[in-house]
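Comments concern the structure below.
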Amino acid sequence: MKKTLAVLAAVMSLSIHANEKLIVGATPVPHAEILEFIKPELAKEGVDLEIKVFQDFIQPNQQLAEKRIDANYYQYRPFLDEYNKTRHTDLVPVVGVHIEPFGAYSTKIKNIAELKEGASVSIPNDPVNAGRALVLLNEAGLITLKDPSNTLSTPKDIAANPKKLKIRELEGALLARSVSQVDLAFVFANYALEAGIDTNSALIVEKGKSLYVEYLVARPDNINDPRIQKLAKALNSDAVRQFILTRYKGQIAPGF
């Protein structure tokens, strides 16, 4: 009898432990690094945080919608809203964590005024971020958009291109690699940091817009799960704020 009770207790213990696992998808830098930082604290609170690292911007949302992971942390609201709209999902933001600069880099010129006629420019290939890059090109006086305030502009919305820039749309993860291959490349800060690019070296930069705070994202069915709420609280802690300020030295900023 005692042996049976011991076996049952062990099974229950394993079951409880399994139920407390939380799988969160993230891109490597800085998202996965921030999650790794809070992992020990969450363990003290009974949450076994498993970080699943992705290199693209589609799979983390797709796997969250399919319930293959419990949450993700890698995106801002405009991207999430566009994903929900086009993929007919209802993923929901939980808390904002940090803000990343989005900039254009070059190994061929030192100043944006040096950009020559016919220069090649790589931009993200998804609707939200392509528009974001085009708006920045418009603000820099390099192109004129039909609607300069439209962050969903596409290359077809370019009204004037006096320098005859050759716009190349690339998948987000390939942009950092394209810096040495084109005259100007727009790169997300997470990929820039991962590639060892100093975000302060951007020739065009958009910094600190609250619209682009990166969020922890969950589903309607699990947003109130105690494990998700513990994770949210940890991500918005003073410890994480200090970690961001110390680790990234101003290259990204707290968004809470």
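The values are calculated or read from the model by the stated rules, or taken from the named source; none is laboratory data. Nothing here was measured: the structure is a model prediction, and the numbers come from that model. We place every Cβ from the backbone using ideal geometry, glycine too, and count neighbours over all the protein chains shown.
Quick check: anything in segment 227-243 surrounded by 13 or more Cβ atoms within 10 Å (Cβ to Cβ) and farther than 27 Å from Val92 by Cβ? For segment 227-243, residues surrounded by 13 or more Cβ atoms within 10 Å (Cβ to Cβ) and farther than 27 Å from Val92 by Cβ: absent. Can you pull out every residue in segment 184-201 that is of a type in the set (Gly, Ala, Ser) and surrounded by fewer than 18 Cβ atoms within 10 Å (Cβ to Cβ)? Selection gives Ala195, Gly196, Ser201. Assessment of segment 205-227 against the conditions (closer than 19 Å to Thr27 by Cα and modelled with pLDDT under 95) yields at least one matching residue.
So that you can scan it fast, the table gives a plain yes or no per residue for (1) more than 26 Å from Leu245 (Cα to Cα); (2) modelled with pLDDT under 95:
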site	(1), (2)
Met12	yes, yes
Asn19	yes, yes
Ala26	no, no
Gln55	no, yes
Arg68	yes, no
Lys85	yes, no
Pro93	no, no
Pro101	no, yes
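Taking the listed residues Ile197, Ile143, the one that is β-branched (Val, Ile, Thr), touching a strand residue (DSSP E or B) at 6+ places or on another chain (Cβ under 8 Å) and without any contact (Cβ under 8 Å) to a residue 60 or more places away in the chain is Ile143, with no other qualifying. Are any of the residues in segment 116-137 in the same structural domain as Ala195 (by TED's automatic domain parsing), buried (at least 22 other Cβ atoms within 10 Å of the Cβ), closer than 18 Å to Tyr73 by Cα and not aromatic (Phe, Trp, Tyr)? Taking every residue of segment 116-137 in turn, at least one turns out to be in the same structural domain as Ala195 (by TED's automatic domain parsing), buried (at least 22 other Cβ atoms within 10 Å of the Cβ), closer than 18 Å to Tyr73 by Cα and not aromatic (Phe, Trp, Tyr). Please verify whether segment 189-196 includes one or more residues that are at pLDDT 95 or above and of a type in the set (D, E, K, R). For segment 189-196, residues at pLDDT 95 or above and of a type in the set (D, E, K, R): absent.
Being in a helix (DSSP H, G or I) and surrounded by 20 or more Cβ atoms within 10 Å (Cβ to Cβ) is the requirement here; does Pro40 meet it? Answer is no for this residue. Every condition in (1) more than 30 Å from Ser237 (Cα to Cα); (2) in contact (Cβ under 8 Å) with a residue 12 or more places away in the chain; (3) among the hydrophobic types (A, V, I, L, M, F, W, C) is met by Phe102 except one, and the failing one is (1). Residues in segment 140-179 that are among the acidic types (Asp, Glu), under 21 Å from the mean Cα position of the chain (by Cα) and either modelled with pLDDT of 95 or more or surrounded by 14 or more Cβ atoms within 10 Å (Cβ to Cβ) (or both): Glu169 alone.
Can you find a residue in segment 172-186 that is farther than 27 Å from Ala32 by Cβ and part of a strand (DSSP E or B)? Can you show your working first?
Step one: of segment 172-186, the residues farther than 27 Å from Ala32 by Cβ are 182-184.
Within this subset, residues satisfying the condition of being part of a strand (DSSP E or B) are 184.
Yes, because at least one residue in segment 172-186 is farther than 27 Å from Ala32 by Cβ and part of a strand (DSSP E or B).
So, in segment 33-86, how many residues would count as being basic (Lys, Arg) and under 13 Å from the mean Cα position of the chain (by Cα)?
Number of matching residues: 1.
Within segment 50-76, the set of residues being assigned to a strand (DSSP E or B) and closer than 22 Å to Gly255 by Cα comprises Ile51, Val53, Ala71, Asn72, Tyr73, Tyr74, Gln75, Tyr76.
Picking from residues in segment 89-113 that are β-branched (Val, Ile, Thr) and under 20 Å from Asn138 (Cβ atoms), the one that is surrounded by the most Cβ atoms within 10 Å (Cβ to Cβ) is Ile112.
Scanning segment 110-161 for residues that are in a loop (DSSP other than H, G, I, E, B) and aliphatic (A, V, I, L, M) turns up Leu115, Ala119, Ala140, Leu142, Ile143, Leu152.
Scanning segment 202-218 for residues that are crowded, with 19+ Cβ neighbours inside 10 Å and assigned to a loop (DSSP other than H, G, I, E, B) turns up just one, Ala202.
Cβ-Cβ distances below 8 Å connect the following pairs, each with a first residue in segment 217-235 that is of a type in the set (Asp, Glu), a second residue that is surrounded by 15 or more Cβ atoms within 10 Å (Cβ to Cβ) and outside any loop (DSSP other than H, G, I, E, B), and a separation of six or more residues or different chains: Asp225/Ala218. Among the residues of this structure, Thr86 counts as one that is assigned to a helix (DSSP H, G or I) and either surrounded by fewer than 15 Cβ atoms within 10 Å (Cβ to Cβ) or at positive phi (or both).
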